[in-house]
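Worksheet: one structure, shown below.
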Amino acid sequence: MPMHMDDLEVKEELGKGQYGTVQMVLHKRTNVMMAMKEIRLELDENKLKSILKELDVLHRATSPYIVDFYGAFFIESCVYYCMEYMDAGSLDRLYGIGVPEDVLGKIAVSMLRGLKLLKDELETIHRDVKPTNILMNQNGDVKLCDFGISGQLEKSLAKTNIGCEPYMAPERIESSGTRYSVASDVWSLGLTLLEIATGVYPYGTESIWAQLNKIVHDEPPKLPTQSESGVVWGDNARDFIAVCMQKDAKLRPSYAELLEHPFIVRYADAEVDMKGWAIKATAWKEEQMRAKRTGQPSGSQ
Ligand code: ATP
Ligand code: MG
């Protein structure tokens, strides 16, 4: 579907990343709500055109584990990228209410299926697995976004800074020249699940250099048996994160192997009230935002 700025009505800002802003927009002709990401790039028209072509190829596959892509266009040197609007937002803003093991299990299953599909059907590596790139809707669906940014786009983005907390694997930090492999995404998958479960980024809040240093030199962090609020995680969940976060990339399992892991097998077809959790987590998030706006403490929940 060809996309045009004139077809869109901007509703509100959903968030800001390192490269630009994401806005909620209404596609007026179809009445579909979308998320529009603006990426600022200093590129000539030919390069921008090749980026749009690559984006189209990347999004040929549709899957319940990957956000839908509606189209992209550019104005001057900005790429505008329209995707499925996920009305519960990214997991980094939702996990504050705590993530019990069954919900974590379902999130892991969706992420794993999404990552495997990218690899098998699109021959793409995600490269940016982290809680802000895992989105949820009120239906309880969990989907990946911002994956495998095309070669051209990646080269242009690489010039900017590394950004917030690092989710990259030790081998990515030690030798930035090595080819990016699936194993590096497996590390980020483990780290993302660990953060979502515990509610904190596990490498501390110091400078990015201290965090990178810890990723390379320290023993990988582990999922505890229990959270401070009393959420209990079993051995399978703990082992899943531990096998993903092995410092030696060669030891990390493939997606096919991870799909056979008891943690995934346990929750793959289990009935879990993801919708109920999404609704509760969204209500919690909205209350936090309201409290921040008004300066009043949020009610106990
Ligand atoms: P980075 O720039 O380091 O990748 P980021 O992923 O947070 O960080 P963006 O991808 O620009 O940056 O997204 C900004 C925010 O917008 C996200 O954190 C997320 O909360 C929100 N967002 C992104 N895509 C969608 C979407 N499709 N539906 C709803 N919210 C979204
Ligand atoms: Mg993102």
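Find the centroid of the Cα atoms in the range 168-215 and in the range 122-146, then give the distance between the two in whole Å.
After rounding, the separation between the Cα centres reads 17 Å.
Does the range 1-134 come out rounded, prolate or oblate, given a ≥ b ≥ c as the square roots of the eigenvalues of its C-alpha gyration tensor, rounded meaning a/c under 1.5 and, failing that, prolate meaning a/b above b/c? Don't skip to the answer; put the middle values down first.
Values: a/c = 1.84, a/b = 1.41, b/c = 1.31.
Here the range 1-134 falls in the prolate category.
Do the alpha carbons of any pairs in LYS143/LYS275; LYS106/LYS275; LYS106/LYS285; LYS119/LYS222 sit beyond 18 Å of each other, and which pairs?
Too far apart for the 18 Å limit: LYS106/LYS285; LYS119/LYS222.
Hey, if you put +1 on the Cβ of every Lys and Arg and -1 on every Asp and Glu Cβ in the range 33-107, which of PHE69, MET83, LEU58 ends up farthest toward the positive end of that dipole?
Among PHE69, MET83, LEU58, the one farthest towards the positive end of the dipole of the range 33-107 is LEU58.
Rounded, prolate or oblate: pick one for the range 165-301, where a ≥ b ≥ c are the square roots of the eigenvalues of its C-alpha gyration tensor, a/c under 1.5 means rounded, and failing that, prolate if a/b is larger than b/c, else oblate.
It is oblate, given that a/c is not under 1.5 and a/b is not larger than b/c.
Which of the GluC sites (Glu not before Pro) found in the range 1-70 are in a DSSP loop and have at most 11 neighbouring Cβ atoms, other than their own, within 10 Å?
Sites meeting the loop and neighbour criteria: GLU42.
Longest segment of the chain with no trypsin sites (Lys or Arg not before Pro) in a DSSP loop having at most 14 other Cβ atoms within 10 Å?
So the longest stretch without any such site is 61-158.
Over the chain, what relative contact order in percent results from Cα pairs under 8 Å that are six or more residues apart?
18 percent
What dipole magnitude, in Debye to the nearest 20, does the chain give about its Cα centre under +1 on Lys/Arg Cβ and -1 on Asp/Glu Cβ?
I would put it at about 260 debye.
Accessible area per residue for the chain in Å², computed with a 1.4 Å probe and the full protein assembly in place, what is it?
50 Å²
With no solvent and one equal point scatterer per Cα, compute the Debye intensity ratio I(q)/I(0) for the chain at 0.12 Å⁻¹ and report its log10, rounded to two decimals.
Values, matching the q order: -0.83.
Report the gain in length on full extension from VAL32 to GLU219: 0.36 nm times residue separation, minus Cα-Cα distance, nm rounded to one decimal.
Full extension of this stretch gives 62.7 nm more.
Report the extension gain between SER254 and VAL200 in nm, rounded to one decimal, defined as 0.36 nm multiplied by the number of residues separating them, less their alpha carbon distance.
Here the segment from SER254 to VAL200 would lengthen by 16.8 nm.
Once you have a ≥ b ≥ c as the square roots of the Cα gyration tensor eigenvalues for the range 225-264, tell me rounded if a/c is under 1.5, and otherwise prolate or oblate according to whether a/b is larger than b/c.
Oblate, because a/c is 1.5 or more while a/b does not exceed b/c.
What percentage of the solvent-accessible surface of the chain, computed with a 1.4 Å probe over protein heavy atoms, is contributed by carbon and sulfur atoms?
Solvent-exposed carbon and sulfur of the chain make up 49 percent of the total.
The values are calculated or read from the model by the stated rules, or taken from the named source; none is laboratory data. Keep in mind that this is a model prediction, so the values were computed, not measured. All Cβ positions, even for glycine, are placed from backbone atoms using ideal geometry, and neighbour counts span all protein chains on display. Surface areas here come from the heavy atoms of the whole protein model, side chains and all, with no ligands, DNA or RNA. Shrake-Rupley method; radii C 1.70, N 1.55, O 1.52, S 1.80 Å.
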